[in-house]
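I have placed the structure first, in the form of structure tokens, so that the comments after it can refer back to it.
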């Protein structure tokens, strides 16, 4: 393991968190404000750097009222038009140079698992290489130029590059003297500590990394393929071998688990939001969605925050278009095409008849074998 110079712990540099992007893949305008376990993503980055950098600023371009609540200096892009992260980095260099700082640290708002010794390692590398312009984090063969220490006197060069049409960070940094700091040996976990969250699927992975959500496997297939019957048999078998399973079923039509004439039904129809009914045997939470269905991440968030009966595996029936690992349930009699050719998240297929497919096949009645397959597949989602 690479030793860290303790002197680096006592050098403080300014830091700018880049939160000015549009977050299109996340489906929101401000990715930094997306909640992960009831906390905005930005708060995780701020927690990771607390006491290690000063001052701190936020590069933001929209929703300034919400970002102001964090209590930090806000820096808008000096060149308008949402031209990419280089403009946010330019804002960082300009700000730090105006503070007479020679270096500034930049971090993205969507990387909540950065190593605890990130800042110290970058500062040490900077001190050991006084002629460089940039210190960049690197892991698993990937460079992370947004997670870097930048020499502020390169601000004019960066401004000119942007005005000349350069948008990609690598196209600009190729002009600079760079020192890369490899973090492969500093984090022994099964995930890359520089994992950034770009989509709702990434938020699900983040909940698993944080230990709040178990592995997830979907059962995908056309209506009438036998998904529910198979799911019930799998749960029964898992229960026998001591593995607790939670389930999530997607319904395409309206449904109601409450009945007219019951007190709970009367209270819910009167406007109770939510309605919770509890007895010695069980409790149920009934919540109206209004006119907008919750996405898969929002539903799984309920599992993550439920302190009761933590399960070891979640089986999902439906949601066949979501980016989760799936087992396809196929029945030839319903005259529908295979799903796996258009979905690389499908890792195996089960059917009542032998079929020739390029992915693993199991007979639908081989419950023990299917359970073993799901256990093996779920192990790839264990990060602790």
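Every read-out reported here was derived from the displayed coordinates using simple, explicitly stated rules and does not represent laboratory data. All of these numbers come straight from a predicted model, not from anything done at the bench. Note that each Cβ is placed from the backbone with ideal geometry, even for glycine, and that neighbours are counted across all protein chains shown.
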Self-check item: Tilt relative to the chain, helix 200-209 - C-alpha long axis, 0 to 90 degrees, to 10
Solution: 90
Practice problem: Counting other beta carbons within 10 Å of each Cβ, put 12, 89, 241 in order, fewest first. | Solution: 241, 12, 89
Practice problem: Return the distance in nm (one decimal) between the two label points of a simple spin-label model at residue 177 and residue 262, each offset 7 Å from Cα along Cα→Cβ. | Solution: 7.3
Quiz item: Among rounded, prolate and oblate, which fits the range 16-122 when a ≥ b ≥ c are the square roots of the eigenvalues of its C-alpha gyration tensor, a/c under 1.5 means rounded, and a/b larger than b/c means prolate?
Solution: oblate
Quiz item: Given 5 Å bins starting at zero, what is the percent of C-alpha pairs of the range 116-270 in each, up to the one with the largest pair distance?
Solution: 1, 6, 10, 11, 10, 10, 9, 8, 6, 6, 7, 7, 5, 2, 1, 0
Quiz item: Tell me, what is the FRET efficiency for residue 142 and residue 236 to the nearest 0.05, using R0 = 56 angstrom and their Cβ-Cβ distance as r?
Solution: 0.80
Practice problem: Over all alpha-carbon pairs of the range 327-384, lay out the pair-distance distribution in 10 Å bins, whole %, shortest bin first. | Solution: 22, 51, 23, 4, 0
Exercise. Could you order peptides 67-73, 352-358, 223-229 by the average number of other Cβ atoms within 10 Å of their residues, highest first?
Key: 223-229, 67-73, 352-358
Self-check item: Tilt relative to the chain, helix 118-128 - C-alpha long axis, 0 to 90 degrees, to 10
Solution: 30
Quiz prompt | Inter-label distance for residue 254 and residue 128, nm, one decimal - labels placed 7 Å from Cα along Cα-to-Cβ | solution = 6.7
Self-check item: Hull-based mean projected area of the range 262-306, where the convex hull spans the alpha carbons, in square nanometres
Solution: 4.0
Quiz item: What is the distance, in nm, between label points placed 7 Å from the Cα along the Cα-to-Cβ direction at residue 363 and at residue 157?
Solution: 6.9
Quiz item: Viscosity 0.890 mPa s, temperature 25 °C: Stokes-Einstein D of the range 242-384 from its Kirkwood Cα radius, in µm² per second?
Solution: 134
Self-check item: Sorted by Cβ density within 10 Å, fewest first, the residues 371, 109
Solution: 371, 109
Quiz item: Counting only the backbone N, which residues of the range 129-155 are under 19 Å from the spot 7 Å out from the Cα of residue 192 toward its beta-carbon?
Solution: 135-149
Quiz item: Sorted from largest down, what three extents in whole angstroms do the Cα atoms of the range 6-197 have along their principal axes?
Solution: 41, 41, 30
Quiz item: Stretched out fully, how many nm does the piece from residue 312 to residue 356 gain, at 0.36 nm a residue minus the Cα gap?
Solution: 12.6 nm
Self-check item: Compactness of the range 215-261 as Cα Rg over 2.2 N^0.38 Å, two decimals
Solution: 1.43
Self-check item: Kirkwood hydrodynamic radius (C-alpha pairs) into Stokes-Einstein, the range 201-293, 20 °C and 1.002 mPa s, D in µm²/s
Solution: 128
Quiz item: Hey, what angle do you get for helix 296-305 against the long axis of the chain, alpha-carbon based, 0 to 90 degrees rounded to 10?
Solution: 90
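Taking every pair of alpha-carbon atoms in the chain, give the share separated by more than 36 Å as a whole percent.
39
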